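Chemist: Right, I'll just put the structure down here and ask away after.
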Ligand SMILES: Cc1ncc(COP(=O)(O)O)c(C=O)c1O
C-alpha cells in the first residue's frame, strides 16, 4: 500500500498500545531488581511424579499444581494415551462438528455421563472454553447472569462474549444473591453462576441455599466444579453432590486440567434440549477438538476416579494435617478450617509474598504466588494445593520448609 501524501500521518502521535501495561511493567521490574527469582516464569526441568519435579537443578516438592488426585503418572492413563497416539495419530485437525469427533471423544463423553450419572456431556478443548461457550450461548444480550463477585475469569469472559447483563453479588453471600435475584424483571432470562470451590482461598460455596434461592426465582443454575471434581462428594462429583443439590443444577462445568490430570473441559447436564448446544456454541464449534491421546487419558482417568475413595480419604487427611500445621506455626490462612485441597496462606504484601515464595523454593518447595487481580480484595497469597499422592512424610517436610522460610522472611 502506498502512503497518501494528502493525509497527515498519524505515526508518532498514536499511543503505543502497550502503554496501558506500564504500571505492571514497572512493578515487575522493581520486584526483579531486588534480585528475586521470577515467580511467574519457573521452569520444571524434569517431572518425576505428581509431587516431585526438578527445578533449577534441584529436587522440589510440588505443592502448587492442580493435580489433586495425582492421575498424571497413573500407568493405565499413560498406557491409554500411548495407545491412542499409535492408533489415531497426534491430532484431529478439525472441529468436533466436522472431522474432529473420533471414537475417543465419544468414549470420553460416555465416561463423563457415567461419572456424573447425567444424560448429556459435551467435551471442550479447555475448561476456560467450556465456561466461555456455555455461558455465552445460554445467556444473551437481554438475559442476566447473576454471579459471585470472586468468579473465575472464564466466567466473566463468558458473560462478556454473550453480552449478557452481569449482576455480581458478594462472595458466598446467600442473602445478597437472593436480593439481586428479586430485583430482576420476573420475565427476564436468568442464569446463576456459582463455583463449588473458590480457587484462591479454597473455600466452598453454600450451594444448598444458593441453588434453592435461585430456583425459587426461576433462574437456571450453572456450577463450576473445577476444583472439587474427583475429591469432594461421595462419588467425587463435587460440592453440589456433597450438599445434595446436584439434581437441581442445570449445568455442571469442569476441567480435565485438575483432578483428571490432562487438558480439556466439559459441561454435563440433564436438560432435554442440551444437545442443540453442539450446533450453536461457538467456542465448541469454531476450534479444533482435543487430540486422541488427550481424550483417551481423560476417559481412563475419569473411569478410575469413580473408585477413588481411598485417595479422597488420604487427600482429606493431608488437607487437615497441612492446615492445622500451618495454623500452629502462626500463618494466616484463607479459611478457618480446611474446606478443600487448596490452602491459601495470606501474605502481608506482594514484596514479602514474593520473598516467601522464593525462600520456599530454596527450601525445595513449589507453591503458587497469587496476587491481584486474580485474588479477592487485593490480597497476595501463597496458594498450596495438595495432591492425593503427597505422603504423610512429605506433608511433614512441607511444614518444616514453611517454618524455615517463614522465620527467614519474618512472616511468622
Ligand atoms: C474455577 C475455574 N474454572 C475454569 C478454569 C479453566 O480451566 P482450564 O485450565 O481447563 O482452562 C479454571 C482454571 O484455573 C478454574 O479455576
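Chemist: Between segment 129-196 and segment 215-236, how many Å separate their Cα centres?
Modeler: Segment 129-196 and segment 215-236 have Cα centres spaced 15 Å from each other.
Chemist: Highest mean first, what order results for 400-409, 36-45, 296-305 on Cβ atoms within 10 Å?
Modeler: By packing density, highest mean first, the sequence is 296-305, 400-409, 36-45.
Chemist: While we're on this one: Show that you can apply the helix-only estimate: for the chain, add -39,500 (n - 2.57) for every DSSP H stretch of four or more residues, divide by all residues, and state [θ] at 222 nm to the nearest 500.
Modeler: Values: 14 runs with 161 residues, N = 412.
One gets -12000 deg cm²/dmol as the mean residue ellipticity at 222 nm.
Chemist: Using the Cα gyration tensor of the chain, with a ≥ b ≥ c the square roots of its eigenvalues, what is the shape: rounded (a/c below 1.5), prolate (a/b larger than b/c) or oblate (neither)? Walk me through the numbers before you get to the answer.
Modeler: Values: a/c = 1.28, a/b = 1.12, b/c = 1.15.
It is rounded, given that a/c, with a ≥ b ≥ c, falls under 1.5.
Chemist: Another question about this same structure. Applying a 10 Å radius around every beta-carbon, put 125-131, 200-206 in order of their mean neighbour count, most first. All intermediate terms of the calculation are to be shown ahead of the outcome.
Modeler: Working: 125-131: 23.9, 200-206: 21.9.
Top of the packing list down: 125-131, 200-206.
Chemist: Also: Report relative contact order for segment 73-305 in percent, whole number only (criteria: Cα-Cα under 8 Å, sequence separation at least 6). Display every interim value, and only then the final one.
Modeler: On the way: 490 pairs, mean separation 73.4, N = 233.
Here the relative contact order equals 32 percent.
Chemist: Normalised by the number of residues in the chain, what is the relative contact order in percent for Cα pairs under 8 Å and 6+ residues apart?
Modeler: On the way: 818 pairs, mean separation 89.9, N = 412.
Averaging sequence separation for qualifying contacts and normalising by length gives 22 percent for the chain.
Chemist: Need one word for segment 73-305: rounded, prolate or oblate. Basis is the Cα gyration tensor (sqrt eigenvalues a ≥ b ≥ c); a/c below 1.5 gives rounded, then a/b vs b/c decides. Intermediate results must be reported in sequence, preceding the final value.
Modeler: Working: a/c = 2.23, a/b = 1.58, b/c = 1.41.
It is prolate, given that a/c is not under 1.5 and a/b is the larger ratio.
Chemist: Express in nm, to one decimal, how much length is gained between residue 90 and residue 17 on full extension, taking 0.36 nm for each residue of separation and deducting their alpha carbon distance.
Modeler: Values: separation 73, 0.36 × 73 = 26.28 nm, distance 3.75 nm.
Once the chain is fully extended between residue 90 and residue 17, it gains 22.5 nm.
No value in this document is a laboratory result; all are computed from the given coordinates. All values derive from a computational prediction rather than experimental measurement. Positions of Cβ are backbone-derived with ideal geometry, glycine not excepted, and every protein chain shown enters the neighbour counts.
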